[in-house]
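A short worksheet on the structure shown next.
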Amino acid sequence: GQQVMQIPQYQHVQEGEDFTTYCNSSTTLSNIQWYKQRPGGHPVFLIQLVKSGEVKKQKRLTFQFGEAKKNSSLHITATQTTDVGTYFCAGGGAGSYQLTFGKGTKLSVIP
Amino acid sequence: DGGITQSPKYLFRKEGQNVTLSCEQNLNHDAMYWYRQDPGQGLRLIYYSQIVNDFQKGDIAEGYSVSREKKESFPLTVTSAQKNPTAFYLCASSIFATSNQPQHFGDGTRLSIL
């Protein structure tokens, strides 16, 4: 079955430093989605990427979808304490009814 | 204000007991999902439902059961056959049951063994 690997599992950064999490799928994806889960909260949808090589930005967050549609990344520029949480990627295959979630990257920001 | 409501927030189960977690949505979404979250394990799919009166097993369905009698409701029963039920359970919904649709999550239920 489809597997989605996400690294790193944990990341501690000083406030103001950049942060990147990477996602790799064992199969070609039709789309990839990113979610953020704050401590004690539930996952919240951030963005969806569907096109090969697509890049989308949300303020300090930059999302990329690989040319082969098997990998993706989320980059945060100049982290803030409000960025703390776990970031999940979730991949969907063509014709699939379900998303496969990565295990997430837990981001800690040291003020 | 549309959303997904899960109850209770915290639940305790005794040995040999079945417990039911509630999930209600007023988003008029066709698809609903149940996930289990364990520390460091991400989200694992238990069951999903594309439409009323239909549901499919996910990756870890053993020891769980569901029903979908109404569009708005998708309760999950954790049976006594689930030997390690302690986890955070998340219910989600999407407009349609395809992997292209973003999912909206409830606040979750934390289940613990007594």
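The values are calculated or read from the model by the stated rules, or taken from the named source; none is laboratory data. Here the structure is a predicted model, which is why all the values come from computation and not from measurement. Heads up, the Cβs are rebuilt from the backbone with ideal geometry, glycines too, and the neighbour counts pull from every protein chain shown. SASA here: full protein model, heavy atoms, side chains in, ligands and nucleic acids out. Shrake-Rupley method; radii C 1.70, N 1.55, O 1.52, S 1.80 Å.
Would you check which residues across segment B:60-85 are loosely packed, with under 14 Cβ neighbours inside 10 Å and either among the small types (G, A, S) or more than 26 Å from B:N26 (Cβ to Cβ) (or both) and list them? Lay out the reasoning, then the answer.
Going through segment B:60-85, the residues loosely packed, with under 14 Cβ neighbours inside 10 Å turn out to be B:62, B:69-70, B:81, B:83-84.
Correct list: B:E62, B:A81, B:K83, B:N84.
Which one of B:Y48, B:Y89 is closer than 17 Å to A:S96 by Cβ, of a type outside the set (V, I, T) and in a strand (DSSP E or B)?
Values: B:Y89 fails: closer than 17 Å to A:S96 by Cβ.
Just a single option satisfies the conditions, and that option is B:Y48.
Looking only at segment A:54-111, which residues are part of a strand (DSSP E or B), open to solvent by less than 40 Å² (accessible area, probe 1.4 Å) and more than 14 Å from every other protein chain (Cβ to nearest Cβ)?
Taking segment A:54-111 as the starting set, the residues that turn out to be part of a strand (DSSP E or B) are A:55-58, A:61-65, A:71-76, A:85-92, A:99-101, A:105-110.
Next cut, open to solvent by less than 40 Å² (accessible area, probe 1.4 Å) only: A:61-63, A:65, A:72-74, A:76, A:85-92, A:99-101, A:105, A:107-109.
Within segment A:54-111, A:L61, A:T62, A:S72, A:S73, A:L74, A:I76, A:L107, A:S108, A:V109 qualify.
State whether one or more residues within segment B:26-49 are facing another protein chain (nearest Cβ under 9 Å) and more than 24 Å from A:Q37 (Cβ to Cβ). Before the answer, list the steps.
Here is the first cut: in segment B:26-49, the residues facing another protein chain (nearest Cβ under 9 Å) are B:31, B:33, B:35, B:37, B:40-45, B:48.
Keeping just the survivors that are more than 24 Å from A:Q37 (Cβ to Cβ) gives none.
No, segment B:26-49 contains no residue that is facing another protein chain (nearest Cβ under 9 Å) and more than 24 Å from A:Q37 (Cβ to Cβ).
Would it be correct to say that B:E62 is of a type outside the set (G, A, S) and within 18 Å of B:Q37 (Cβ to Cβ)?
On the way: of a type outside the set (G, A, S): yes; within 18 Å of B:Q37 (Cβ to Cβ): yes.
Answer is yes for this residue.
Which condition breaks for B:N28 when tested against (1) assigned to a loop (DSSP other than H, G, I, E, B); (2) crowded, with 17+ Cβ neighbours inside 10 Å?
(2)
Can you spot a residue in segment B:67-83 that is outside any loop (DSSP other than H, G, I, E, B) and aliphatic (A, V, I, L, M)?
First pass over segment B:67-83, keeping only residues outside any loop (DSSP other than H, G, I, E, B): B:70, B:73, B:76-78.
Narrowing further to those that are aliphatic (A, V, I, L, M): B:76, B:78.
Looking through segment B:67-83, at least one residue is outside any loop (DSSP other than H, G, I, E, B) and aliphatic (A, V, I, L, M).
Within segment B:37-47, can one find any residue that is open to solvent by less than 20 Å² (accessible area, probe 1.4 Å) and at positive phi?
Yes, the conditions are met somewhere in segment B:37-47.
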